[in-house]
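Each remark here refers to the structure printed beneath this line.
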Amino acid sequence: MNFTVIGLGYVGLVNAVILAVYRHDVIAYDTNKEKIALLKQGVATIEEPHLQELLSQVKDDIRFTSNASDAIRTNGYIVICVDTPAGKNGAPDMSHFYAALDAIAENASMDTMVVIRSTVPVGTNAATKVYLESKSPHKFDIISAPEFLSQGRAIYDVLNPARIVVGVRSEKARELTKRVLHGYIERKFKLFITTPENAELIKYASNGFLATKISYVNTLARLCDLVGGDIDDVAKGMALDPRIGPDFLKAGVGYGGSCFPKDTSGLCWISGSNSVPMKIIKAAMEVNESQIAYFLGKIYRRFRSLSGLKVAVLGLAYKAGTEDVRNSPAFPIIKALHERNAYVIAYDPLAIDNFHDVMARFTKIRYVDYPKDALKDADFAIILTDAEEFRKLTAKDFIGAMHSPVVFDGRNIYDLKDMQGVEYYSIGRPSVKPS
Ligand code: UGA
């Protein structure tokens, strides 16, 4: 089949490549001309495991373009993957989405099936049909197929989805869904076909629930700190109950990224506008916002003044395995260190360039190529992602490289027993003090 994918960020580029892997003809459209130029040369514009190799394999089966008419005129199946970042009052900013609809309405030359993969408020599917048909002489059928991929494992998630949720209104859309997904259906992946409204809500509800799980465990971690508990063991004990499960129970500096922060505020906005205040999600957001101050509090209690201290910061992305720094806890933490006149030596396996772009005006920060270069002569270290490279560091590495081996671990990545000889503070676990 022939598909046009609109918006080539994490969701769109990965979807375009996987559609081509599944032998569909793909036109991939984005308004960013620089991005299109790189993609035409077969260069992946985002870091995702296996993306570059798959793109190299299928690049001749994908036509990359920044020309809307070129992208839309000849295809009756259009997949919208543009971002919907948080806008005013937490409402999703739908400007890219409506720009995509305008491009479709202006250029469609036939009745068209539009698949919405972007995260959009309930009612968008219905509104899309009305909008397009008010601006175009053609008929539009709209499918809501929210994307559930996680960055850092996007290709794996798209090829092995935990579930596929699709919202349709017409029999034609249901049949198309089954035809396009027949490979997944044969391999017994869970496909749930429902109404567009349910599909739209399932995406927000899922992200909201996962964010709440994290804030719940982070609150318990604070309690553990006070009563001498160990949050990792508490979470492990909870996870043994299959009704609870082990995922998203890892305490830390809180969630970041382009999804949970915007989708929790989006869900609050959607429910608030329907007079159903989403108090649970509000509480999860408040906990998340205060988790960074909680973590910094541990540092301030240990060091009365940070002035002139050299601080190693390991991890600048919002999580391991991605170069994405959107809503990364590293920003407020490094800003706080900066305000207190500390000097930061930072390392991240993938995110240094992106972080530097945003923090260019911060002078007391230097970026290095290896974790051990950051640790060298540092007065203390802060760990902000659970990157494999950081997990591999041992107590000996901290003791050997640092001026004083004091470590604040915002991701609880080391076993307490392995940190003997280090002054080690983590979240919701007893601290380790050298004897
Ligand atoms: C999230 C969802 O997991 C995807 O299913 C969804 O498709 C995506 O949002 C989206 O809406 O597009 P993502 O933001 O890429 O994916 O990353 P996650 O792995 O979910 O992590 C989000 C944040 O939660 C990170 O900052 C991570 O460090 C934090 N986290 C995660 C914890 O603090 N504790 C945990 O136990 C798990």
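Before moving on, here are some points about what is shown:
- Highest average packing first - 358-368, 67-77, Cβ atoms within 10 Å: 67-77, 358-368
- Exposure proxy ranking for Lys139, Lys188, based on other Cβ atoms within 10 angstrom of each Cβ and starting from the fewest, stands as Lys188, Lys139.
- Separation of the alpha carbons by more than 20 angstrom is noted, of Lys59/Lys129; Lys372/Lys392; Lys203/Lys279, for Lys59/Lys129.
- For the stretch 285-435, the gyration tensor built on C-alpha atoms gives a rounded shape. Its axis ratio a/c (a ≥ b ≥ c) stays under 1.5.
- Packing, as the average of other Cβ atoms within 10 Å across residues, places the peptides 107-114, 341-348 in the order 341-348, 107-114, highest first.
- Note, ³J(HN,Hα) from phi for the stretch 77-88, Karplus 6.51, -1.76, 1.60, rounded to Hz, x at Gly and Pro: 10, 10, 10, 9, 10, 6, 7, 10, x, 5, x, 5
- The length gained by stretching the chain between Arg23 and Arg187 to full extension, at 0.36 nm per residue less their Cα-Cα distance, is 57.3 nm.
- Rounded to whole Hz, the Karplus (6.51, -1.76, 1.60) HN-Hα couplings of the stretch 339-354, x for glycine and proline: 4, 9, 6, 7, 10, 9, 10, 10, 9, 8, x, 10, 9, 4, 4, 5
- The distance between label points at Asp233 and His138 comes to 6.3 nm (points 7 Å beyond Cα on the Cα→Cβ vector).
- Close amide H contacts of Val313 (hydrogens built in the peptide plane, cut-off under 5 Å, sequence separation of 5 or more or a different chain): Ile345, Ala346, Tyr347, Ile382.
- Here's the picture: a label point sits 7 Å out from the Cα of Lys433 along the beta-carbon direction, and within the stretch 374-414 the residues with their amide nitrogen under 15 Å of it are 406-407.
- Computed about the Cα centre, the dipole magnitude for the stretch 32-74 is approximately 260 debye when only Lys and Arg (+1) and Asp and Glu (-1) carry charge, each at its Cβ.
- Charge dipole of the stretch 234-389 about the Cα centre (unit charges at C-beta), most positive-ward option of Leu240, Asn288, Ala387: Asn288
- Burial ranking of peptide ranges 159-172, 231-244 (average Cβ count within 10 Å, highest at the top): 159-172, 231-244
- Distant-in-sequence amide contacts of Val407, defined by a placed amide H-H separation under 5 Å and a gap of 5 or more residues or a different chain, comprise Ala381, Glu423, Tyr424, Tyr425.
- Among Leu54, Ile18, Ile36 the positive-end extreme of the charge dipole of the stretch 11-75 (Cβ point charges): Ile36
- Extension gain (nm, one decimal) between Arg163 and Asn89, 0.36 nm per residue minus Cα-Cα: 23.5 nm
- Separation of the stretch 44-84 from the stretch 111-161 is 15 Å, based on Cα centroids.
- Given charges at beta-carbon only (K, R positive; D, E negative), |dipole| of the chain in Debye: 740
- Exposure proxy order (Cβ contacts within 10 Å, fewest to most) of Lys319, Lys279, Lys178: Lys279, Lys178, Lys319
- The stretch between Arg366 and Ser206, if pulled fully straight at 0.36 nm per residue, gains 53.8 nm over its current Cα-Cα span.
- With neighbour counts taken as other beta-carbon atoms within 10 Å, the residues Cys81, Cys268 rank, fewest first, as Cys268, Cys81.
- Degrees between helix 124-135 axis and first principal axis of the chain (Cα, 0 to 90, nearest 10): 40
- Using only side-chain charges placed at the Cβ, +1 for Lys and Arg and -1 for Asp and Glu, the dipole size of the stretch 264-383 relative to its Cα centre rounds to 540 debye.
- Prolate/oblate/rounded call for the stretch 212-268, Cα gyration tensor, a/c under 1.5 rounded: oblate
- 0 to 90° range, to nearest 10: angle between helix 260-273 axis and the chain longest Cα axis: 60
Here, each number is a calculation from the coordinates, and none is a lab measurement. Since the structure is predicted, the reported quantities are computational estimates derived from the model, not experimental observations. Heads up, the Cβs are rebuilt from the backbone with ideal geometry, glycines too, and the neighbour counts pull from every protein chain shown.
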